[in-house]
Amino acid sequence: MSYNIAIDGPAGAGKSTIAKKIAKKLGYIYVDTGAMYRAMALYLIREKVQPSETEKISAKCREADISIGYENGEQIVYLNGENVNSYIRTEEVGNMASASSPNPDVRKKLVELQQKLAANNDVVMDGRDIGTCVLPNAQVKVYLTADSRVRAERRFQELQAKGEPCDLDTIEKDIIERDRQDMTREISPLTQAEDAVLIDSSHMSIDEVAEAVVALLQPV
Ligand code: DC
């Protein structure tokens, strides 16, 4: 049986950094489910679908074949065979992913893909509904969060390092709005699974969080 670690939490809590680190340490594969929703969003943007066009999103999502692969340990997302990693990290795609991910047809398609990966591999999977919906039987479940100001500061530093103009208050406002959308949607809202362990990373280093997660692993 494969070993599954589920990490959920709001945007900017450090899920992907932690999940990648743990996957590397354990030799598991890291599955970034947000990247799949982003690839779907990119397809919808390219097809000129508006976030409010629910029926069109349901129809169009059937045409998008999304799969993942690995190169040098890095997850690659393919959209109809094209490596789209370099196109999915923009604000536009993130906003479309947040708007289109509540669609039940989008979710059904991507959740099936995620469940297949976890059934066949030892995984560290991060997202919003992994512990609650995708992998309800995961051996380890973590709900990783941090104060919205701290999350905004982390994002601000990332953007500054890239030389991109940004404003801390605007970033925090966007983060709070994204949380609201993800937590209040009808299908699979972001919420802590009953059996998930809550870790607040506001005042913890990356290594401290990774150690806290690894400490939750049960011997197999
Ligand atoms: O983690 P991220 O910012 O890359 O995710 C992009 C969007 O995708 C996010 O707003 C919510 C959605 N998402 C989701 O609904 N379910 C997941 N398991 C992962 C992401």
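The values are calculated or read from the model by the stated rules, or taken from the named source; none is laboratory data. Not measured: the values here are computed from a predicted model. Cβ sites come from the backbone with ideal geometry, for glycine too, and all protein chains shown count toward neighbours. The area values use the complete protein model at the heavy-atom level, side chains included, leaving out ligands, DNA and RNA. Shrake-Rupley method; radii C 1.70, N 1.55, O 1.52, S 1.80 Å.
Data for the structure
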read-out	value
Neighbours by Cβ (under 7 Å, 6+ apart or cross-chain): first from the range 128-140, farther than 12 Å from residue 196 by Cβ and open to solvent by less than 10 Å² (accessible area, probe 1.4 Å); second away from the ligand (no atom under 11 Å from the Cβ) and at pLDDT 95 or above	134/115
The range 86-95, residues that are closer than 11 Å to residue 39 by Cα, within 14 Å of the chain's Cα centre (by Cα) and surrounded by 12 or more Cβ atoms within 10 Å (Cβ to Cβ)	88, 93, 94
Yes/no for residue 86 being out of contact with any helix residue (DSSP H, G or I) (no Cβ under 9 Å at 6 or more places or on another chain), part of a helix (DSSP H, G or I) and hydroxyl-bearing (Ser, Thr, Tyr)	yes
Subset of the range 91-146 [in a loop (DSSP other than H, G, I, E, B) and closer than 17 Å to residue 29 by Cα]	121, 122, 135, 138, 139
Residue ID - most open to solvent (accessible area, probe 1.4 Å), chosen from residues in the range 111-122 that are more than 13 Å from the ligand (Cβ to nearest atom) and not acidic (Asp, Glu)	116
Residue pairs meeting the criteria (Cβ under 8 Å; at least 6 apart or on separate chains; first farther than 13 Å from residue 8 by Cβ, in the range 191-220; second part of a loop (DSSP other than H, G, I, E, B) and open to solvent by 40 Å² or more (accessible area, probe 1.4 Å))	200/147; 202/147; 212/204; 217/139; 218/139
Some residue of the range 58-71 being of a type in the set (A, V, I, L, M), open to solvent by 10 Å² or more (accessible area, probe 1.4 Å) and within 16 Å of the ligand (Cβ to nearest atom)	yes
Scan of the range 192-215 for residues that are open to solvent by less than 50 Å² (accessible area, probe 1.4 Å) and either under 25 Å from residue 1 (Cβ atoms) or in a loop (DSSP other than H, G, I, E, B) (or both), ordered by number	193, 196, 201, 202, 210, 212, 213, 214
Tabulated pairs, the range 79-105, first free of Cβ contacts under 8 Å to residues at least 24 places away in the same chain, second β-branched (Val, Ile, Thr) and surrounded by 14 or more Cβ atoms within 10 Å (Cβ to Cβ), C-beta under 8 angstrom, 6+ apart or interchain	83/76; 83/77
Failed item in (1) within 14 Å of the ligand (Cβ to nearest atom); (2) surrounded by 15 or more Cβ atoms within 10 Å (Cβ to Cβ), with residue 156 passing the rest	(1)
Residues that are more than 14 Å from the ligand (Cβ to nearest atom), assigned to a helix (DSSP H, G or I) and either without any contact (Cβ under 8 Å) to a residue 12 or more places away in the chain or within 30 Å of residue 195 (Cα to Cα) (or both), drawn from the range 1-55	21, 22, 23, 24, 25, 26, 46, 55
